[in-house]
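Asks: Take this structure, written in structure tokens, and hold onto it; I'll ask about it next.
We did not get these values from a lab; they are worked out from the coordinates using the rules stated. In this text, all values refer to a predicted model and were calculated from it rather than measured experimentally. Here the Cβ positions follow ideal geometry from the backbone for every residue, glycine too, while neighbour counts run over all protein chains shown.
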Amino acid sequence: MLLISPDSVDEALDCAKAAEHLDIVDVKKPDEGSLGANFPWIIREIRDAVPADKPVSATVGDVPYKPGTVAQAALGAAVSGATYIKVGLYGCTTPDQAIDVMRGVVRAVKDYRPDAFVVASGYADAHRIGCVNPLALPDIARRSGSDAAMLDTAIKDGTRLFDHVPPDVCAEFVRLAHEADLLAALAGSVKAGDLGELTRIGTDIVGVRGAVCEGGDRNAGRIQPELVAAFRAEMDRHAREYAATVATAS
Ligand SMILES: O=C[C@H](O)COP(=O)(O)O
């Protein structure tokens, strides 16, 4: 699945123009951090702007180790219309802290909306910010009752997912997530050139912003519907080629 992250209602309208090429519209506020949370009314307006059959995701923020605060924020995102709730476990330094936070989120969100989908996100560049190890995420997600484990980059300085977590370690992340019956989501300045590896290792959700913004600039550039379409075409091409390789080998 392709998840695209607009930061405003205007950009969400551009995503709506490319709706047939994407699977999830992910509301965030990049100037508040990699998984910065946007306002509830923006989530609601974006929910109203994109086709009803496209799920809207919302990031709850690069959160501190404050389980009550985060659970309440997660409920706010769900009440505002998001059905995918993404939490960046920025302030959690141990798996136990991360599980604490995610258990609160899962309960808050699923008591309100049992079919909502909760994503526990860590950071590929965790070593730069001192939070939980990327490979701990699948177990954190499983033990907290989350539905997916995700990695993004915390520091958007041009370094990318594979600069911090090489493809073979991402493959292990995906394997651990699947072993725990979770979806595996990967992001972090992902480019079209990364899609071959991401497909080969079985990634379920690829999250992008910069690659589909004009000039590849996630901050100054705006999401371009034709770049979303081109990115999707590359994803589909890799999926077809990989399926053909597997079929030939078996
Ligand atoms: O969830 C996906 C992120 O917004 C990825 O953004 P990026 O591709 O600019 O790193």
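Asks: Suppose every Lys and Arg Cβ carries +1 and every Asp and Glu Cβ carries -1, with no other charges. What dipole size does the stretch 1-132 come out with about its Cα centre, to the nearest 20 debye?
Replies: I would put it at about 440 debye.
Asks: Order these by the 10 Å Cβ neighbour count, fewest first: F39, F231. Could you put the intermediate results ahead of the total?
Replies: Values: F39 12, F231 24.
Lowest to highest Cβ neighbour count: F39, F231.
Asks: Figure the gain on full extension for D96 and A247 (residue separation times 0.36 nm, minus the Cα-Cα span) and round it to one decimal in nm.
Replies: Stretched out fully, the D96 to A247 stretch lengthens by 50.2 nm.
Asks: Using just the C-alpha positions of the stretch 31-121 as equal point scatterers, what log10 of I(q)/I(0) does the Debye formula give at each q in 0.12, 0.13, 0.25 1/Å?
Replies: -0.32, -0.37, -1.26
Asks: So, one more: Expressed in nm², what is the orientationally averaged projection area of the convex hull enclosing the Cα positions of the stretch 65-109?
Replies: 2.7
Asks: Give the whole-number value, in cubic angstrom per residue, of the convex hull volume spanned by the C-alpha atoms of the stretch 2-249.
Replies: Numbers: hull volume 27.5 nm³, N = 248.
Hull volume normalised by residue count: 111 Å³.
Asks: Give the aspartates and glutamates reachable from K28 as a straight Cα distance under 14 Å; neighbours fewer than 8 places away on the same chain don't count.
Replies: Straight-distance partners of K28: D7, D10, E11, E45, D62, D152.
Asks: Applying 1/(1 + (r/R0)^6) with R0 = 30 Å to the Cβ-Cβ distance of R143 and D168, what FRET efficiency is obtained, to the nearest 0.05?
Replies: 0.75
Asks: Lys and Arg at +1, Asp and Glu at -1: add these up for the other residues within a Cβ distance under 12 Å of A229 and post the number.
Replies: Once all neighbours under 12 Å are counted, the net charge is -3.
Asks: Please work out the Kirkwood hydrodynamic radius for the stretch 152-235, using every pair of different C-alpha atoms, and report it in angstroms with one decimal place.
Replies: 13.3
Asks: Here's something else I'd like to know. Starting from the Cα-Cα distance between F39 and R240, subtract it from 0.36 nm times their residue separation and give me the gain in nm to one decimal.
Replies: Values: separation 201, 0.36 × 201 = 72.36 nm, distance 3.86 nm.
Result for the pair: 68.5 nm of gain on full extension.
Asks: Can you compute the helix-only [θ] at 222 nm over the chain? Use -39500 (n - 2.57) per DSSP H run of at least 4 residues, normalise by all residues, nearest 500 deg cm²/dmol.
Replies: -13500 deg cm²/dmol
Asks: Still on this structure, I have one more. Can you give the FRET efficiency for D111 and N219, using 1/(1 + (r/R0)^6), R0 = 35 Å, r = Cβ-Cβ distance, to the nearest 0.05? The partial results should precede the final answer.
Replies: Numbers: r = 36 Å, r/R0 = 1.04.
Computed FRET efficiency for D111 and N219 comes out at 0.45.
Asks: Please give the charge dipole size of the chain, origin at the Cα centre, charges +1 on K and R Cβ atoms and -1 on D and E Cβ atoms. Round to the nearest 20 debye.
Replies: 420
Asks: Past the 14 angstrom mark, what percentage of all C-alpha to C-alpha distances in the stretch 102-144 do you count?
Replies: The calculated P(r) of the stretch 102-144 puts 52 percent of pairs beyond 14 Å.
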